[in-house]
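*Asks:* Please find one structure pasted underneath; my questions will follow.
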Amino acid sequence: MDQIRDEILVGGDWRRGAGALIETRDPATGALIAAVHGADAEDVELAVAAGRRAAADPAWRDLLPHERSRFLTRISDLITERAEDLARLQTADTGKSINETRALAASAAGTFRYFAAALETAEEALTPPRGPYLTMSVHEPIGVVGAITPWNSPIASDAQKLAPALAAGNAVVLKPAEWTPLVSLALGRLITDAGLPAGLLSVLPGPGRTIGDAIVRHPGVGKVTFTGGTATGRTIGAAAAEKIMPVSLELGGKSPTIVFPDADLDQTVAGVLFGIFSSSGQSCIAGSRVFIHADVYDEVLDRLVRHTEKLRIGPGTDPATQVAPMVTHAHRDKVAAMVDRAREEGARVLCGGGVPDGPEYAAGAYYLPTILDGLANDSATCQEEIFGPVLVALPFADEEDLVAQANDTVYGLACGIWTGDYRTAWRVGRRIEAGTVWINTYKQFSISTPFSGLKGSGLGTEKGREGIRSYTRQKSLYWGLTEDPLPWAGV
């Protein structure tokens, strides 16, 4: 941690931010890690202006795709070299377990490597002509992209936006979450070290209501990509509509996990617990509602409770930890308040439901993994995203009713299906309103596979080869192949 400096990246220059001081604290101990001066509106102006100049510079603008690929490859290599430092910094900043942050660092390296490879085989389209001309479809950079990322998985989220945006030839103004700026700043320094031309990347930590809003509304920003809460996503979408600007929005979720009676219950229980309690439930794709067939409801629920009570709770620095602290004490208290409300709604707390006992937990933002039942699907607890280690169990007996309940939410991000019958998996998976459906697994990702949300869970698609296209403008070119004038006005 001795390499942390009070500097932000503004238009290619590392300097002290002009905004308010941001303190970052270790969620496991409450100890101060670092204090960073965030950005202000003037920093946004400087960053966007520098980004516009850098994106328009022929040294970057005219690079062929395979030449841009080299920059992404170098970034990937440096992430791999510094992966342990990045993982430990993210654990300190977010509280996540070291096993998870190591995986996230590896994922970020893989993301840059994937888009580097995609550039090596990037193709434009020669479209079928319908006259005496040749028609082509090409993709060009947007210019400056505003990327706003969340606190729960900063390095992976940063990479999933930075890599395709840079691959497409853009400049990026990155605003990390105010709670967890350190990893994004470390990634910015790493990208600078990789030789990316100055001005193509700025990293501006600060409050979303000021810095995020300034980025979204700036006339020099041609696209915004955002991961975070649905309410903020709606605000960004409204601002984008005023500018007639494209946006990508990865928002919240209240994802159902469905257990059919023919499922392998050992596999199912492990998968359901991983789906909700890994990352301490602080994940938009967390499987927070589990629908269990009535024939196996009691058995599955009993197994879930027994195994939950055995989960290892501790600091993220301990490789044995399964449930680490929440990101901040304030967020932990918000989750606790939502569980208290669930009790008022009539929920039975089958395990958890409070702060763990013991002096080792006293200073940290810990909350016990919690399982509830006894609620209807239309209750506030079953409808609202808690974003913590809280699972609600609901029984079902009829497939039609199950699908109706699973889809009865404003969200449509993910779903898990546990069954031994591929016909059931296919039939139900196609009817669930979700961008991603896992069958006999959960929370598995591939950068080569598109990711999107439906309804209040988002707009647009990330990842996959088409992930680059979402950061471009498409243009059509017509090449006349005849020397005859157009047959108009007798010419």
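*Asks:* How about the range 90-168: which trypsin sites (Lys or Arg not before Pro) there are in a DSSP loop, with at most 12 other Cβ atoms within 10 Å of their Cβ?
*Replies:* Values: sites: 96, 102, 113, 130, 161; in loops: 96, 130.
Counting only loop positions with at most 12 other Cβ atoms within 10 Å, the trypsin sites (Lys or Arg not before Pro) in the range 90-168 are 130.
*Asks:* While we're on this one: Need one number: nm distance between label points at residue 474 and residue 56, each 7 Å from Cα along Cα→Cβ, rounded to one decimal.
*Replies:* Going by the 7 Å Cα→Cβ label model, 2.7 nm.
*Asks:* Roughly what angle does helix 41-56 make with the longest principal axis of the chain, taking Cα atoms, 0 to 90 degrees, to the nearest 10?
*Replies:* 50
*Asks:* Structure shown: which of 175/223; 223/443; 175/443; 161/254 lie over 21 Å apart, alpha-carbon to alpha-carbon?
*Replies:* Values: 175/223 14 Å; 223/443 28 Å; 175/443 26 Å; 161/254 23 Å.
From the list (175/223; 223/443; 175/443; 161/254), the Cα-Cα distance tops 21 Å for 223/443; 175/443; 161/254.
*Asks:* Mind listing the phi-derived Karplus ³J(HN,Hα) values for the range 368-377, rounded to whole Hz, using 6.51, -1.76 and 1.60 with θ = phi - 60°, and x for any glycine or proline?
*Replies:* Listing the rounded values in order: 5, x, 10, 10, 10, 8, x, 10, 7, 5 Hz.
*Asks:* Return the sequence-ordered ³J(HN,Hα) values of the range 206-223 in whole Hz as given by the Karplus equation 6.51 cos²θ - 1.76 cosθ + 1.60 applied to θ = phi - 60°, using x for Gly and Pro.
*Replies:* Each residue of the range 206-223 in turn: x, x, x, 5, 10, 6, x, 5, 5, 5, 4, 8, 5, x, x, 8, x, 7 Hz.
*Asks:* May I pose another question? Any idea what the relative contact order of the chain is, in percent, if you count C-alpha pairs under 8 Å spaced at least 6 apart?
*Replies:* Computed over the chain, the figure is 18 percent.
*Asks:* Highest mean first, what order results for 284-294, 28-38 on Cβ atoms within 10 Å?
*Replies:* Working: 284-294: 24.3, 28-38: 17.0.
Those peptides, ordered most packed to least, come out 284-294, 28-38.
*Asks:* What does the extension gain come out to for residue 23 and residue 448, with contour length at 0.36 nm per residue minus their alpha carbon separation?
*Replies:* Details: separation 425, 0.36 × 425 = 153.00 nm, distance 3.62 nm.
So the extension gain works out to 149.4 nm.
*Asks:* Could you quote the convex hull projected area for the range 17-71, Cα atoms only and averaged over all directions, in nm²?
*Replies:* Taking the Cα atoms of the range 17-71, their convex hull projects to 6.2 nm² on average.
*Asks:* Starting from the amide H of residue 37, placed 1.01 Å from N in the peptide plane, find each other amide H under 5 Å away whose residue is 5 or more places distant or on another chain.
*Replies:* 17, 22
*Asks:* With Cβ to Cβ distances under 11 Å as the rule, what net charge do the other residues near residue 223 carry (K, R +1; D, E -1)? Mind dumping the intermediate values first?
*Replies:* Values: positive: 161, 243, 473; negative: none.
The answer is +3.
*Asks:* If you don't mind, there's one more thing I want to ask. Through the Karplus equation 6.51 cos²θ - 1.76 cosθ + 1.60, θ set to phi - 60°, convert the phi angles of the range 74-80 into ³J(HN,Hα) values in whole Hz; use x for Gly and Pro.
*Replies:* The phi angles translate into 5, 4, 4, 5, 5, 4, 4 Hz.
*Asks:* Rounding to the nearest 10 and keeping the result within 0 to 90°, find how far the Cα-based axis of helix 297-308 lies from the longest principal axis of the chain.
*Replies:* 80
*Asks:* Can you list the residues, at least 5 places off or on another chain, whose amide H is less than 5 Å from the amide H of residue 175, using H built in the peptide plane?
*Replies:* 147, 148, 149, 204
*Asks:* Where in the range 117-136 does the label zone of residue 482 land, with the point 7 angstrom along Cα→C-beta and an amide N cut-off under 11 Å?
*Replies:* Of the residues in the range 117-136, 131-133 have backbone N under 11 Å from the label point off residue 482.
*Asks:* Fully extended, how many nm does the chain gain between residue 302 and residue 244 (0.36 nm per residue separation, minus their Cα-Cα distance)?
*Replies:* Details: separation 58, 0.36 × 58 = 20.88 nm, distance 5.21 nm.
Difference between extended and current length: 15.7 nm.
*Asks:* Continuing with this model, one more query. In whole percent, what relative contact order does the range 224-280 give with Cα contacts below 8 Å and a gap of six or more residues?
*Replies:* 33
*Asks:* Cα centroid distance between the range 330-362 and the range 415-491, in Å?
*Replies:* Rounded to whole Å, the Cα centres lie 39 Å apart.
*Asks:* Let me have the relative contact order for the range 59-147, percent, based on Cα pairs under 8 Å that are six or more residues apart.
*Replies:* Relative contact order comes out at 29 percent.
*Asks:* Mind checking the per residue accessible area of the chain for me, 1.4 Å probe, whole number of Å²? Please list the in-between numbers first.
*Replies:* On the way: 20850 Å² over 491 residues.
Heavy-atom SASA per residue in the chain reads 42 Å².
*Asks:* Next question, about the same structure. Please report the spacing between the Cα centers of the range 1-76 and the range 263-323 in Å, no decimals.
*Replies:* So the separation of the two Cα centres works out to 37 Å.
*Asks:* Quote the charge dipole size of the chain about the Cα centre in Debye, to the nearest 20; the model charges only the Cβ of Lys and Arg (+1) and of Asp and Glu (-1).
*Replies:* Details: 46 positive and 59 negative charges, 198 e Å.
In debye, rounded to 20, the chain gives about 940.
*Asks:* Place +1 on the Cβ of every Lys and Arg and -1 on the Cβ of every Asp and Glu in the chain, take the dipole about the Cα centre, and give the residue among 190, 328, 49 whose Cα lies farthest towards its positive end.
*Replies:* 49
*Asks:* Pop out the Kirkwood hydrodynamic radius of the range 302-421 from its pairwise C-alpha distances, inverse of mean 1/r, in Å to one decimal.
*Replies:* Working: mean 1/r = 0.0632 Å⁻¹.
By the Kirkwood definition, the hydrodynamic radius is 15.8 Å.
*Asks:* Taking the Cα of residue 32, stepping 7 Å toward and past its beta carbon, and measuring to each backbone N in the range 181-201: which are under 18 Å?
*Replies:* It comes to 181-182, nothing else.
*Asks:* Next question. Using Stokes-Einstein with the Kirkwood hydrodynamic radius over Cα pairs, what translational diffusion coefficient do you get for the range 349-491 at 25 °C and a viscosity of 0.890 mPa s, in µm²/s rounded to a whole number? Before the final figure, lay out the partial values.
*Replies:* Values: Rh = 19.8 Å.
Answer from the Stokes-Einstein relation: 124 µm²/s.
*Asks:* List the residues whose amide H sits under 5 Å from the amide H of residue 473, counting only those 5 or more places along or on another chain, with H placed 1.01 Å from N in the peptide plane.
*Replies:* Excluding prolines and chain starts, which carry no amide H, the hits are 140, 142.
*Asks:* Any chance you could get the radius of gyration and Dmax over the Cα atoms of the range 1-130, in Å?
*Replies:* Radius of gyration, then largest Cα-Cα span, for the range 1-130: 19.2, 68 Å.
*Asks:* Based on the inverse mean of 1/r over its pairs of different Cα atoms, what is the Kirkwood hydrodynamic radius of the chain, in Å? Don't jump to the answer; show the numbers that get you there.
*Replies:* Numbers: mean 1/r = 0.0421 Å⁻¹.
Here the Kirkwood hydrodynamic radius works out to 23.8 Å.
*Asks:* Quick one: angle between helix 182-193 and the longest Cα principal axis of the chain, in degrees between 0 and 90, rounded to 10, please.
*Replies:* For helix 182-193, the angle is close to 30 degrees.
The values are calculated or read from the model by the stated rules, or taken from the named source; none is laboratory data. None of these values were measured; they are calculated from a predicted model. Ideal geometry is used to build each Cβ from the backbone, glycine not excepted, and the neighbour counts take in all protein chains shown. For the accessible areas, the whole protein counts, side chains as well, though only heavy atoms, and no ligand, DNA or RNA atoms are used. Shrake-Rupley method; radii C 1.70, N 1.55, O 1.52, S 1.80 Å.
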